[in-house]
Structures are given as structure tokens and as C-alpha cells.
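Accompanying notes for the structure given below.
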Amino acid sequence: MKKIFVVASICLMSLSVVAQPPQLTPNNIDKVIKAMTLEEKANLVVAAQRNDSKSAAGEIGFTRNIVPGAAGATYPIPRLGIPPIVMADGPAGLRIAAKREGDSRSYHCTGFPVGIHLASTWNSEIIYNVGAAIGQEVKEYGVDLLLAPGVNILRNPLCGRNFEYYSEDPLLAGKTAAAMINGVESNGVGTSLKHFAANNQEINRLANDSRVSLRALREIYLRNFEIAIKGSQPWTIMTSYNYINGRHASEDKGLLETILRQEWGFEGLVMTDWGGGYDSAGQIAAGNDLLSPGREAQCLEIIEAVRNGRLAEADLDRCVRRMLELIVRTPRFNGYKYSNKPDMESHAKLTREVASEGFVLLKNNNMALPLKERKVALFGANAYNFIAGGTGSGNVRRPYVIDLREGLLGNGFSLYEPLDAKYKKHIESEKQRLAPQLALRKWHQYVLRPTELQRPHLDILQAAQSDAEVAIVSIGRSSGEAFDRHIERDFMLCPDEEALLTAVSREFHKVGKKVVVILNICGPMEISSWRDKADAILICWLPGQEGGNSVADVVLGRTSPSGHLPMTFTHSYEDVRSASNFPRNVPENGFNQSLFNMYPTGKLYDVKNIDYTNYDEDIYVGYRDYATRKVDVAYPFGFGLTYSQFEISDMKVKECRDTYKVTCMVKNVGNFPAKQVVQLYSSEIAPEVDRPIIELRGYQKTKTLQAGESVEVEIIINRNDLMSYNEKAGAWKLTKGDYDLLLGFDSQTLSLKHRISITKEVLQPVSTAMTPANGEVFIKRE
Ligand code: BGC
């Protein structure tokens, strides 16, 4: 009897052991996948928002219950020990809700300078530090993955998201992104490099087809990602909404498996942009592992596709595996107890410091800056309503913004009071006027901003004749996700801004006082027509929450600006090579409102620049075009002044196996301590195919050099960096012949040159995945 009892209980015990499903650990991913049902697999690859789900008890508002205001979370499967992981934007700082219901604490995040601003520093070390600080906020606020950085090429100055991105040059963009990713991920949290790929306009972004040659893809629109990925191996990548040559980016296996994974060796996970793509099973089959933010219908479609054989379960398993591999790396899986108390104080200091390093000084006649004067007549509604960052998912809920007025007042300047009082009153009444419209504003809509003072002439006259010693005029531009910029009143000055600038310039110059213009802008503007009116022009971009203090530091001369343009400023919009191949003046809520496109069917329609966009400029993007066609520009790529002057000399090139070590001496020959950026370009002397006359190959920012101090700068490049993509051969090709290596402080003044010879041709075949599809059928819009 006793024996029978023992045997029975052993059986029961082993039964209960068998019934216990495996719990996820880094070492038993195979076992967990084996234990998963088809439904669980589908749930895991579709993120957890599910707000279309009827059965979703506990799932609605799911992310809200973990980290309110985060962009999403993945689907938990407690049975297998799989927790949800939390994803949140974005490129200029973490984006979560600042306030929580029934909780008096605040959850603000530091607003750092935006992408284009960080890229203007040309300083990977500083960008890494910003990344590390953002990553600490990600971790301490309980987020696992930051949905940033955005590395898309600044193809056209009107793209609404240019401010989030980095450069018109893929090397500068790619290296900036790699530094940012390495910084964020040094905290043990992940990033999502976005938006992969050729996503260069916002109008009709869900369904626009970017029609790009294979060569332009390889050399420009994929190259930025390739450099970033090889330099940082990010945890994840986010595919873009658009089509590329007739195939949806998130459904293109050639892009995601062949190029990204097989060729470049990407080891992480691929996720969609929010709501991106039309064919869920197709996305999974293409290697787009996670569909975000996730709808129940997507799960059902995946389950059905596996059941009817349209999707191989092995393909689904591959995505599931990548999901699990990602999850086991996260703080949430590893039980990290986050504090909800990131180091906001030191991050505020950091953002104040780094912002000035990215400010670009365009003009400084007779050393107008730094100011010797302390009494300022401050003009421009923007000075009282400074823009810290852009709108949309790239926005940050920052604790405060120091505007220009506060920055000047807090740092030893005084303002000409009658003017200040008038502006304060004007801004107050403008805020009241705009309040009802702003209250209805959706997160992705343009922020209406106060207009200029009406009829300011008398104020200007009085200010010029007062004891104010200098005029500062501030002009601002903001933009954001879901709309592109306009030419009139945006790329160009508004008529009242122009009138203000003209009158201030005339009256102040009449009495021998200087005029300084501070551009608080999200991207390029037309400057040539009015630049003569100013003695100094400083771009402070969208500088984050400490903006006013950072500007004050620079105009006071506590530090010299040392930013260089990551994108050319042309004389006019028409000079931009892609000008006619970009949407123009489409009203924000017009017929193709980009967030909710009218034809969400996955079909391609036929309106130029809306439904499809021809990248006719091919590889001639930005300076690659202007330098080759010899188009005169307002400010070339790489341009930026400091408060000092520099000389560059002693260029030497040492060939060592497959690399060139380029060195030179840089000397501060002015009177002010400052940093300088050495830029290295190459130029093939007699190319067998059309080629830009110069291409950026490397760069290095110096430390702060004191007056009279010199430093040796070294830039190492690989011989294969000189290759171009040869469409006929389906290969990267290094042709035999002579090449010049050129050094300078911007793309137009390359004063040092060294000629090298390539004696052996190199051919590096790559896949021709993404070849433009033949004879796509487009459907006429009714
Ligand atoms: C944007 C992404 C962002 C995502 C989540 C999308 O609308 O395009 O850049 O990461 O939303 O907020």
C-alpha cells in the first residue's frame, strides 16, 4: 500500500514538472519557442497596444499602466516568463508624460538640442555624452528602448523632420548616429535607428513611393544606415512608412534580410514605424520582426497566414527568436529597479554646454560678437517664446525652457525696458488669442506662434536713440512630424520679420550701433537677401531647454561657437536640386494629410511628389551637387566661423596597408580660445562614371586651442572608402587612377591637397536587392 502511494506521488510530481512551461532565460530561448502556441507567437511579434481588441482585458491602455506617455510596449506572456518591454521616443530626449493621474510628482525629461543641432557639433564625443545622459533617463524612468536616433538624409530643406535628423552627408549622419547609439546603449538600454530607409518627406508619408536609383540608395540613402550600424550595432532598427521603388520598406526582404543582415551583419531586431505597412504576414516574412504599436487584426492575420500556408512558421519563429533575444537584454527582464529620478541637474548643465558647441556663426563683421555691450534692445516675438525643439514624436516634455530674454537677463545683460515691456504685453495678448486654437491642437500639428509687433517703427526709433548699445533680433522656425515646411513665410522671412529687420538695421546702423541676428531654426532658411542688414548672424538651431542660457554664454564670450553646417544653405529654394521633386505648399490638413492618408490600401497612386517622388538628383544631394555644378551658395556644407582664426598646414599622407593616415597641423592664430573642425574630402581626378567633385571622407574636431596654440590632427580612412557604387557591375568599385585628398575647414575652402594613386582595381559585388521594380501599375486617383 505504502509502495503504491510513493509511486503515485512520484508520478504526480513528475506530471507537475512536465506541466510547468519553461521560463525565459538567455539560455533557453529555443525551449521557450518550442513551448509557444501559434497565438502566443503572433502576440509576441505584434506590440501590445491592441486598442481595436474586444477581448483585451488589461491590454487597453497597457503602456499607460507601465510608463504613461511612452509610445508602446511589447506583449507580455507571463506563462513563459516573458515581460513586456517599453518603447519611447525620441531623438532630442526621452518622451513620456510629465504628469500622472493621482501623482503629484513630475516626470519631465531633459530637452537636449535637436538632431541637426547635435550633428553641427561634428563632435562624436559630445554626442556620445548626450546619448549617455538620455540613456540614463530612459533607464531610470523604466523604459527599455529609445525610439531614436533618426538618421534620414536631409535631402530637401523643406522636410518637416529635418530637425530630428543629422545631415545631407551620409558619413556625418552615420557617425553622428553611431555616437548617439553608443552613448544611449552604454546604459544597458536599447535604441531604434530610424526610419529605414529613404524617408525624406512627410506629406503622404504612409504611402509615398521614393523612386531612387540603386546607386543613390547605396551611396546616400542606405550608406548613412550602414555607417551607423557598423559603428554601433544598435539593438533595433525601425523601418520607414514609405515605399522604395514600389516595395513597402517594411515588407522588403531584400532590404531587411539581404542587405541589412547578410551584407552589413546587423544582429538586432527590426520593428515597424507606428502603424506602418499593410501586409502583416508579408512584413514578418520579410524579416520585420515587430509590428508596432500593434493591432489585434494583425495577430489574426498572422495566425491565419500560418494556418493557410501563406506564411512559413519558420519565418515567424525567426522573428519570435529575435524578440526574445531583445527582451532578455532589457532592464525590465533583468529586474532593474528604476528610480524615476534621473540626474536632471547634471543633464541640464550638459545640454547648456553642448548647445553652444553646435551653434553655427555665419557672419561676424568686425567681431560684432562676442558683445562688449551689455544693454540690449531685444526684438522679435521669438526671443520671448524661444523654440527648444520640434513637434511630433521628436518633442520632449521638458521641465522648462529658458528663452532668449531670460537667458540674457540671467547672465548680466540688461534690456531696454520700454521695448521689453511692449513685447511682454504683446506676447501675453498673443498667447491669449492663440489659446483656444492651441487647446485643440493635436500632438502632430504645427504650434501656432505669436506674430510680430504691429507697426513697431516708433519703438525701433526710440530704442535706437536710447541708451541701448546693441540690437538683437531673434527669428524662429519650428516644424515637425506629419507636415513639410513651406517656402513662403517659412523658408523665406515673413513680411513683418523682414520689415522689422530692415527698420532695426537702418535705425541702429544710423547711430553706429550693431545688429545681431539669432536664428532659432529647425533647418535651412533663405538668408542671402537680408544678411547685409546684420553685423552678426548666429544659428542656435533648436537648442533644448537651456537655449537662452547657451546663447547668452556665446554672445557674452564665455565660449566660442564652433558648430559647422551639416547641410548647405542655398541662395534660394530654386537652387536646391530636388526643388521640383518635393511637395510644395500642400496645406497641413489638405487632401493628402500625411498621418491619415486617404488611400490606406497599400496601392500606389499617381500624383507626383505626393504618391511618388522621383529622386532625379540621384547621388547629387546637397554639396555633392552644388560643388560639382559650381552653384554659388549662401553658406556651404561644413561652414562655420568661430571667434578666432585658424591656419591649417603640413598635410601628410601615409599609406599603410589598406588605410591612409592623413595628418595636418591646426593653429589658432586669432585671439580667442576655440575649437576647429578639420574636414577631409576626396576627389577622383578622371572618374570613369559621373562622380561628385568632392565627397566627405573623414573629419576631426580639435580640443579648445588657446590663442597661438597648435595641434596635430589625424584622420584615418580606408582605401575602400573611395569606392563608388557601379550599377552595371552590381558592385562597389574602386577604379585605378589618381585621387586628391583635400583638407579644410569647410567644403568650399579646401586649401591643402595631396594626390594619391590607386594602382589596383577593387570590385566588391553586393546584392542587387531593391532594384526598381519594372512596370509598376499605378492607380489613377479619381
Ligand atoms: C514616428 C516615429 C516614432 C513613432 C512612435 C511615428 O509616428 O514616425 O518616429 O518613433 O511614431 O511615437
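Taking region 416-467 only, how many residues are closer than 22 Å to Phe508 by Cα and of a type in the set (S, T, N, Q)? Residues meeting the conditions: 4. Residues of region 160-192 that are farther than 14 Å from Gln233 by Cβ and within 13 Å of the ligand (Cβ to nearest atom): Gly160, Arg161, Phe163, Glu164, Tyr165. Scanning region 461-503 for residues that are over 29 Å from the mean Cα position of the chain (by Cα) and under 20 Å from Asn385 (Cα atoms) yields Ala471, Ile472, Pro495, Asp496, Glu498, Ala499, Leu500, Leu501. Annotation note: of Cys522, Cys540, the sole residue that is under 18 Å from Thr570 (Cα atoms) and open to solvent by less than 30 Å² (accessible area, probe 1.4 Å) is Cys522.
Trp264: more than 16 Å from the ligand (Cβ to nearest atom), of a type in the set (Phe, Trp, Tyr) and open to solvent by 10 Å² or more (accessible area, probe 1.4 Å), yes or no? Criteria met by Trp264. For the condition open to solvent by 50 Å² or more (accessible area, probe 1.4 Å), touching a His at 6+ places or on another chain (Cβ under 8 Å) and either farther than 18 Å from Ala148 by Cα or among the β-branched types (Val, Ile, Thr) (or both), Tyr278 qualifies. Quick check on Lys654: is it open to solvent by 30 Å² or more (accessible area, probe 1.4 Å), without any contact (Cβ under 8 Å) to a residue 24 or more places away in the chain and either assigned to a loop (DSSP other than H, G, I, E, B) or out of contact with any strand residue (DSSP E or B) (no Cβ under 7 Å at 6 or more places or on another chain) (or both)? Answer is no for this residue. The set of residues in region 348-398 being out of contact with any Ser or Thr (no Cβ under 6 Å at 6 or more places or on another chain), more than 16 Å from the ligand (Cβ to nearest atom) and part of a loop (DSSP other than H, G, I, E, B) consists of Phe359, Ala368, Leu369, Pro370, Leu371, Lys372, Glu373, Arg374, Asn385, Phe386, Ala388, Arg398. Screening region 289-325 for residues that are assigned to a loop (DSSP other than H, G, I, E, B) and of a type in the set (Gly, Ala, Ser) and picking the one that is farthest from the chain's Cα centre (by Cα) gives Gly309.
Any idea which residue in region 281-297 is nearest to Leu206 (Cα to Cα), counting only those that are open to solvent by 10 Å² or more (accessible area, probe 1.4 Å) and away from the ligand (no atom under 15 Å from the Cβ)? Going through the qualifying residues, I end up with Gly282. Being crowded, with 20+ Cβ neighbours inside 10 Å, modelled with pLDDT of 95 or more and of a type in the set (Ser, Thr, Tyr) holds for only one residue in Thr63, Thr74, and it is Thr74. Each residue in region 82-120 was checked for being touching a Ser or Thr at 6+ places or on another chain (Cβ under 8 Å), small (Gly, Ala, Ser) and open to solvent by 10 Å² or more (accessible area, probe 1.4 Å), and 1 of them qualify. In region 423-445, is there at least one residue being part of a loop (DSSP other than H, G, I, E, B), within 16 Å of the ligand (Cβ to nearest atom) and surrounded by 15 or more Cβ atoms within 10 Å (Cβ to Cβ)? Checking region 423-445: at least one residue is part of a loop (DSSP other than H, G, I, E, B), within 16 Å of the ligand (Cβ to nearest atom) and surrounded by 15 or more Cβ atoms within 10 Å (Cβ to Cβ).
State whether the residues of region 406-414 include one that is touching a strand residue (DSSP E or B) at 6+ places or on another chain (Cβ under 7 Å), in a strand (DSSP E or B) and farther than 30 Å from Tyr141 by Cα. Working first, answer last.
In the first step, residues of region 406-414 are kept if they are touching a strand residue (DSSP E or B) at 6+ places or on another chain (Cβ under 7 Å); the result is 408-409, 413-414.
Then drop every residue that is not in a strand (DSSP E or B), which leaves 414.
Keeping just the survivors that are farther than 30 Å from Tyr141 by Cα gives 414.
Yes; the residues of region 406-414 include at least one that is touching a strand residue (DSSP E or B) at 6+ places or on another chain (Cβ under 7 Å), in a strand (DSSP E or B) and farther than 30 Å from Tyr141 by Cα.
For Met598, state whether it is modelled with pLDDT under 80 and among the aliphatic types (A, V, I, L, M). Lay out the reasoning, then the answer.
Details: modelled with pLDDT under 80: yes; among the aliphatic types (A, V, I, L, M): yes.
So Met598 passes the test.
Screening region 1-46 for helices (runs of 4 or more DSSP H) wholly inside it with 1 or more residues that are loosely packed, with under 12 Cβ neighbours inside 10 Å and modelled with pLDDT of 95 or more returns the ranges 29-35.
Restricting the first member to region 301-324 and to residues that are in contact (Cβ under 8 Å) with a residue 60 or more places away in the chain, and the second to residues that are polar (S, T, N, Q), the beta-carbon pairs closer than 6 Å and six or more apart or on different chains are Ile302/Ser280. For region 240-275, the tally of residues that are in contact with a His (Cβ under 7 Å, 6 or more places away or on another chain) and either under 20 Å from Ala42 (Cα atoms) or acidic (Asp, Glu) (or both) stands at 1.
If a residue has to be under 11 Å from Val67 (Cβ atoms) and within 16 Å of the ligand (Cβ to nearest atom) to count, how many in region 85-108 make the cut? Give the steps one after another, and end with the answer.
Residues of region 85-108 that are under 11 Å from Val67 (Cβ atoms), as a first pass: 85-88, 94-97, 100, 107.
Checking the rest, the ones that are also within 16 Å of the ligand (Cβ to nearest atom) come to 85-88, 94-97.
Final tally of qualifying residues: 8.
If only one of Asp459, Asp467, Asp484 is part of a helix (DSSP H, G or I) and touching a residue at least 40 places away in the same chain (Cβ under 8 Å), which one is it? If you could, list the steps in order and put the result at the bottom.
Details: Asp467 fails: part of a helix (DSSP H, G or I); Asp484 fails: part of a helix (DSSP H, G or I).
The conditions single out Asp459.
Can you go through Arg205, Arg211 and tell me which one is buried (at least 24 other Cβ atoms within 10 Å of the Cβ), of a type in the set (Lys, Arg) and farther than 30 Å from Tyr336 by Cα? Step through it out loud before you land on a result.
Working: Arg211 fails: buried (at least 24 other Cβ atoms within 10 Å of the Cβ).
Just a single option satisfies the conditions, and that option is Arg205.
If the condition is being away from the ligand (no atom under 11 Å from the Cβ) and over 13 Å from Gly622 (Cβ atoms), then region 141-159 contributes Tyr141, Gly142, Val143, Asp144, Val151, Leu158.
Residues are listed down the side, and each one gets a yes or a no for (1) within 16 Å of the ligand (Cβ to nearest atom); (2) of a type in the set (Gly, Ala, Ser); (3) touching a residue at least 24 places away in the same chain (Cβ under 8 Å):
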position	(1), (2), (3)
Ser213	no, yes, yes
Arg223	no, no, yes
Lys230	no, no, yes
Thr236	yes, no, yes
Tyr241	yes, no, yes
Gly246	no, yes, yes
Ile259	no, no, yes
Val270	yes, no, yes
Gly275	yes, yes, yes
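Taking region 671-732 and the strands (runs of 3 or more DSSP E) fully enclosed by it, the elements with 3 or more residues that are open to solvent by 20 Å² or more (accessible area, probe 1.4 Å) and free of Cβ contacts under 8 Å to residues at least 60 places away in the same chain are at 710-718. Restricting attention to region 335-346, the residues being touching a residue at least 24 places away in the same chain (Cβ under 8 Å) and in a loop (DSSP other than H, G, I, E, B) number 7. I'm checking my understanding of the structure. Among residues of region 572-587 that are open to solvent by 50 Å² or more (accessible area, probe 1.4 Å) and out of contact with any helix residue (DSSP H, G or I) (no Cβ under 8 Å at 6 or more places or on another chain), which one is modelled with the lowest pLDDT? Once the filter is applied, the top-ranked residue is Pro587.
For region 487-531, enumerate the residues that are polar (S, T, N, Q) and either modelled with pLDDT under 95 or assigned to a loop (DSSP other than H, G, I, E, B) (or both). Walk me through it before giving the result.
Restricting attention to region 487-531, the residues satisfying the condition of being polar (S, T, N, Q) are 502, 505, 520, 528-529.
The answer is Ser528, Ser529.
Tell me whether region 332-341 contains one or more residues that are on the phi < 0 side of the Ramachandran plot, more than 23 Å from the chain's Cα centre (by Cα) and open to solvent by less than 30 Å² (accessible area, probe 1.4 Å). Full working, then the answer.
Quick first cut of region 332-341, residues on the phi < 0 side of the Ramachandran plot only: 332-334, 336-339, 341.
Next cut, more than 23 Å from the chain's Cα centre (by Cα) only: 332-334, 336-339, 341.
If we keep only those that are open to solvent by less than 30 Å² (accessible area, probe 1.4 Å) as well, we get none.
For region 332-341, residues on the phi < 0 side of the Ramachandran plot, more than 23 Å from the chain's Cα centre (by Cα) and open to solvent by less than 30 Å² (accessible area, probe 1.4 Å): absent.
The values are calculated or read from the model by the stated rules, or taken from the named source; none is laboratory data. In this text, all values refer to a predicted model and were calculated from it rather than measured experimentally. A quick note on method: Cβ atoms are made from the backbone with ideal geometry, for glycine too, and the neighbour counts reach across all protein chains shown. Each accessible area value is taken on the protein alone, full model and side chains, heavy atoms only, with ligands, DNA and RNA left out. Shrake-Rupley method; radii C 1.70, N 1.55, O 1.52, S 1.80 Å.
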